[in-house]
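Student: Just dropping this structure here.
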Amino acid sequence: MQKHFRWATPVEIVTIAMPELIASGIDPFKYPFPLNGYPEAATVGRSVPTRLTDEFLIEIATRYVMHGRGYAKAIAAQRNVSTRTVISWVEKARARGILTATTPGSVGGSVNPPPTA
């Protein structure tokens with residue numbers, strides 16, 4: 001299974017999906033878990049989208065610009081994720097053109113397009 005799934009998936013199925021399936025009245029022993037790809041059961045009960053939307057990245061980019069240095073720790077604490085995850089969101093925002101580029105090692109840029117109120 002580890003060949004096809006990311007490392008945390010079996011843990012997520014046991015700690016998140018199984019309780020959600022049981023709470024929904026679904027027998028987890030009869031649930032058709034896929035043999036390859038990311039099992040949909042691991043996302044049962046999650047409100048986090050699997051694809052990062054532009055709106056989400058605009059929000060992250062805006063918070064990044066507001067916080068400046070130390071942004072990753074502050075946003076990670078707010079979102080209950082690792083600092084590396086926050087850094088990857090900022091990198092994705094830059095790659096999509098939502099956040100303007102800066103010189104390597106510096107913090108800053110501007111949100112493009114600006115967030116709507």
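The values are calculated or read from the model by the stated rules, or taken from the named source; none is laboratory data. Quick caveat: nothing in here was measured; it's all calculated off a predicted structure. All Cβ positions, glycine included, derive from the backbone under ideal geometry; neighbour counts span all protein chains shown. Areas reflect the complete protein model, heavy atoms only, side chains present, ligands, DNA and RNA absent. Shrake-Rupley method; radii C 1.70, N 1.55, O 1.52, S 1.80 Å.
Student: By accessible area of protein heavy atoms, probe 1.4 Å, what ranking do Y31, Y71 get, highest first? Write down the numbers at each step before the final one.
Tutor: Details: Y31 60, Y71 35 Å².
Ranking Y31, Y71 by accessible area, largest first, yields Y31, Y71.
Student: Take the Cβ-Cβ distance between L52 and T15 as r, set R0 to 22 Å, and report the resulting FRET efficiency rounded to the nearest 0.05.
Tutor: On the way: r = 23 Å, r/R0 = 1.06.
The pair L52/T15 has a calculated efficiency of 0.40.
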